[in-house]
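Written below as structure tokens is the structure these notes are about.
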Amino acid sequence: MKSISDLLGEHPFFEGLPPEALELISGCGTNVHFDADATIISEDEPADVFYVLRSGRVALEVATPRRGPLVIETVGPGEILGVSWLLPPYRWTFDGRATISTSAVALDAACLRQKCDQDPVLGYEMYKRFAALVRDRLQATRLQLVDFYGNNAS
Amino acid sequence: MEGLNTVGLVEVLTLDGLDDVVRVLRDQGRKVIGPIVRDGVITHDEFDSVSELPHGWTEDQDGGRYRLVPTGTDEVFGFSSPSTSWKRYLYPERTLLIRARRDNGTVEVVQPQPDAPAVAFFGIRSCDLVALGILDRVFLDREATDPTYAARRSDVFIVAAACNRPGKTCFCASMDTGPTPRSGFDLSVRELHGDGRHEFLVEAGSERGTELLATIASRRATTADLDTAQALHGRAAASMGRRMDPQDPPLAALDPDHPRWDDVANRCLACGNCTMVCPTCFCNATEDSTNLTGTEAERWRVWDSCFSIDFSHLHGGSVRSTVKSRYRQWLLHKLVTWHDQFDVSGCVGCGRCITWCPVGIDLTAEITALATPQQSAGRKGVPS
Amino acid sequence: MTPRMYEVVARRDDLPDTVTLTLAPVDEQCPTPAIGQFNMLWAFGIGEAPISLAGFENGHLIHTIRRVGAVTNSLAASTTGDQIGVRGPYGTGWDLTRAAGRDVLVVAGGLGLAPVRPIITELFANRSSYGRAVLLVGARTPDALLYRDELEQWRGRLDIEVEVTVDSATPSWRGDVGVVTRLVERAPIDPENTTAFVCGPEVMMRFAAVSVVDRGVPAAEVMLSLERNMHCAIGHCGHCQLGPEFICKDGPVVPWPRVKPLLRVAER
């Protein structure tokens, strides 16, 4: 069976990170599995963990009164679920639900924040990677706002 | 000597001789179309004799201005560029493309034979003659030849006329398209006028031109005649009211954020006059219609202008919804992308777009202003 | 400029505003189209619209038409037995020869799936001539997905990777949600050895082309199919100009590097 550090090393998000750093981070990680339709994170609850997705798919949803839950975005293998743990107030903004059977490494947020505080070089590296991730998500969201396929867009 | 085709016959005719040319062309069964005075402008229409040409008239043309002015002489070709170009005789404002009938769900389509009367263009200016060559590149494209244009163009007998009195909006000399016709004509006329003299130096540019000229009472041109014509050419070329660099405009003009585009857009009314009077503007639209019972349909091709908002319409809106974007399309097409498409400028320096612009926008001034790179305000901010 | 008459032999309602018509020649047929070309479809007495070929089978033209104006409304209202005029085929096609032996990445958004459909047909017909085949499809919502049956059928095949994403969905949608460019990031291709064919709304194509090039696909191997107003389709009417390009004859399929600077100009 692969160690947490092996699993993280195979994940694109941690690509190029030195083995010592992976070892350090994996101390905060556990292997988790979710069945289809399992709720993984919930709006307004403490963001005390984030997920390094290995397989499956997670839908980020927002509940609406008339239309029911709306899926805003999905994340899948090779991607990260959750950025709210990075900064106060450490609370989830959306619901996250496994749409199919999903496996991930769960990283304890408090543990990782502490390690980043103790090792600013590692902390800077992690924050750079999360900044890129947040930028990519922001750009994708902006493109969704463009509404390419709407009748008045071209 | 400028533009002289030494292979062809060169003769000197009197005014009566010139009238004989018209008579011979009419005897050939041609409608002879030439410059005539009508509604306060010089325009083109069919005429019977040279007496109907604008004897003694010239034009005062400037940005947004056109007035007929007497020359005080009896010159026949004392004007510059008439209010209309010749394109409508080859590429009519309206052309029937197809006629169709629907009967019990079955549709029958008929393509009408092109209506191509035998014509002669009499007194076409060098700029307008060059313009016909440019339209040829559009409508006689080997991949897609327009049947109407091809049928009308194939047999036009062309009697060109050099300009002795260019107007204030003329700039063919700088565009290298005039004022004396160089090729593409059957006959080319230069009016030799002054010092009590009134004759026409006529040069044949084709076999049929030579044949026709040989039937007219005339005398051989002397070196002195040629010298006089050359002097007139030189004087005309030097008296152009405007000028423009015929080469690709500088790259600065391609900057879509150049502040001059905003400036001209604030003046432009997007009326499309420039495109209608331009001798090379070729854009068109197709229009469909039916009779009231919906059994008969027609498709017509009509002149269109890139200044109309519908011109670039796609579902959801217009690609060029602002006047600025449409003016930019027109100017950059005419002066820049035309080179890419047809290996030639779309402008021949006739100046009509300047004269007939209601607000006097002058493309020679615009392109000069656009040629100077300017920091557009939005790019890097203005140092404070 | 004279249309040939075709008869509607089949009609399928794809979406509330989109139908697919199969047309058979009444008499003389138009020349055989190349993949990616378009026809001018004529509605009697209403007008013409440029419509890409979504297929060419046994001499039948397959056209998918979205109702966006008077002409397309009339065309889309046609039923079996009705006659439609056809001029064409026109324009540049998808050049599949350049993709021979290479991975093929097709990115389609919205109705853009129709013009790339013949590419998929060609891939299946000559599967061994190409490397990996990947089709990425984006749509606004699951309900707005074109050719859903066919997509599911292709998805079941082992010789093509089909990924579908929508901009928004309800939880009953089990697939991806997000812009189509996100699918590009994880498409299973060898980027340097990939030719990409992109079709969809213009803004989507711009961003998709950037994503594809960011993935490492050579820019010259990225082809787009553009759309502009057209009246004649033979370079005479002037309406379709984009800079020096007549989209009717220099396009609709154009290499990305050639049009990139032109598409970036904000026509404000």
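All of the numbers you see were taken from the coordinates with simple rules; none came from a lab. Here the structure is a predicted model, which means the values were calculated and not measured. Glycine also receives a Cβ, built like all others from the backbone with ideal geometry; neighbour counts cover every protein chain displayed.
In the stretch C:114-268, if the dipole is taken from +1 on Lys/Arg beta carbons and -1 on Asp/Glu beta carbons about the Cα centre, which of C:Gln241, C:Pro118, C:Ala219 is farthest to the positive end?
Result: C:Gln241.
Local charge sum around C:Pro191 (other residues, Cβ-Cβ under 9 Å, Lys/Arg +1, Asp/Glu -1)?
-2
Apply the Karplus parameterisation 6.51 cos²θ - 1.76 cosθ + 1.60, with θ equal to phi minus 60°, to every residue of the stretch A:116-129 and state each ³J(HN,Hα) to the nearest whole Hz, in sequence, with x for glycine and proline.
Values, residue by residue: 5, 5, 6, 10, x, 5, 5, x, 4, 4, 5, 5, 4, 5 Hz.
Hey, how many Å between the Cα centroid of the stretch C:190-224 and the Cα centroid of the stretch B:178-254?
First find each Cα centre; the distance between them is then 55 Å.
When only Cα pairs under 8 Å and 6 or more residues apart are kept, what is the percent relative contact order across the stretch C:4-90?
39
Suppose only helical runs count, i.e. DSSP H with n ≥ 4. What mean residue ellipticity at 222 nm does that imply for chain B under -39500 (n - 2.57) per run, divided by all residues and rounded to the nearest 500 deg cm²/dmol?
For chain B, the value works out to -8000 deg cm²/dmol.
Residue-wise, which Karplus ³J(HN,Hα) couplings in Hz belong to the stretch B:361-369, taking 6.51 cos²θ - 1.76 cosθ + 1.60, θ = phi - 60°, and x for glycine or proline?
Karplus-based 3J(HN,Hα) across the stretch B:361-369 equals 5, 10, 4, 5, 6, 5, 5, 5, 5 Hz.
Would you pull out the residues with amide H under 5 Å of A:Ser101's amide H, same chain only if 5 or more places away, H placed 1.01 Å from N?
A:Ala36
Which FRET efficiency, nearest 0.05, do B:Ala217 and B:Ala371 yield, Cβ-Cβ r, R0 45 Å?
0.30
How big is the charge dipole of the stretch C:96-263 about its Cα centre, in debye rounded to the nearest 20, if each Lys and Arg gets +1 on its Cβ and each Asp and Glu gets -1 on its Cβ?
160
Kindly provide the helix-only [θ] at 222 nm of chain A, computed as the sum of -39,500 (n - 2.57) over DSSP H runs of four or more divided by all residues, to the nearest 500 deg cm²/dmol?
It lands at -10500 deg cm²/dmol.
So how strong a dipole does the protein assembly as shown carry about its Cα centre when Lys and Arg Cβ are +1 and Asp and Glu Cβ are -1, to the nearest 20 debye?
740
Once phi is turned into ³J(HN,Hα) by the Karplus curve 6.51 cos²θ - 1.76 cosθ + 1.60 with θ = phi - 60°, what whole-Hz value does each residue of the stretch A:85-90 show in order, with x for glycine and proline?
Values, residue by residue: 6, 5, 10, x, x, 6 Hz.
Once you keep just the Cα pairs under 8 angstrom separated by 6 or more residues, what percentage relative contact order results for chain C?
17
With an 8 Å cut-off on Cα pairs and a minimum separation of 6 or more residues, tell me the relative contact order of the stretch B:255-369 in percent. Walk me through the intermediate numbers first.
Values: 129 pairs, mean separation 34.7, N = 115.
After rounding, I find 30 percent.
Among the trypsin sites (Lys or Arg not before Pro) in the stretch B:118-155, which ones are in a DSSP loop with at most 14 other Cβ atoms within 10 Å of the Cβ? Mind listing them?
Hits after loop and neighbour filter: B:Arg142.
Any chance you could check the Cα centroid distance between the stretch A:91-117 and the stretch B:58-98 for me, in angstrom?
78
Under a Cβ-only charge scheme (Lys and Arg +1, Asp and Glu -1), can you give me the dipole magnitude of chain A about the Cα centre, in debye to the nearest 20?
Numbers: 14 positive and 21 negative charges, 87 e Å.
I would put it at about 420 debye.
Calculate the length of the line joining the C-alpha centroid of the stretch B:115-159 to that of the stretch A:45-63, in whole Å.
71
Per DSSP H run of at least 4 residues, take -39500 (n - 2.57); add these up for chain C, divide by its residues and hand me the 222 nm value, nearest 500 deg cm²/dmol.
-5500 deg cm²/dmol
Report the label-to-label distance for B:Glu298 and C:Arg155 in nanometres (one decimal), using points 7 Å from each Cα along the Cα→Cβ vector.
Result: 5.3 nm between the two label points.
Mind checking A:72-78 for the average number of partner chain beta-carbons within 10 Å of each residue's beta-carbon?
So the per-residue partner count for this stretch is 5.
Assuming a ≥ b ≥ c are the square roots of the Cα gyration tensor eigenvalues, decide whether chain B counts as rounded (a/c under 1.5), prolate (otherwise, with a/b larger than b/c) or oblate.
Oblate.
What FRET efficiency do you get for C:Asp214 and A:Val83 if R0 is 22 Å and r is their Cβ-Cβ distance, rounded to the nearest 0.05? Write down the numbers at each step before the final one.
Details: r = 22 Å, r/R0 = 0.99.
Step by step, r from the Cβ atoms, then E = 0.50.
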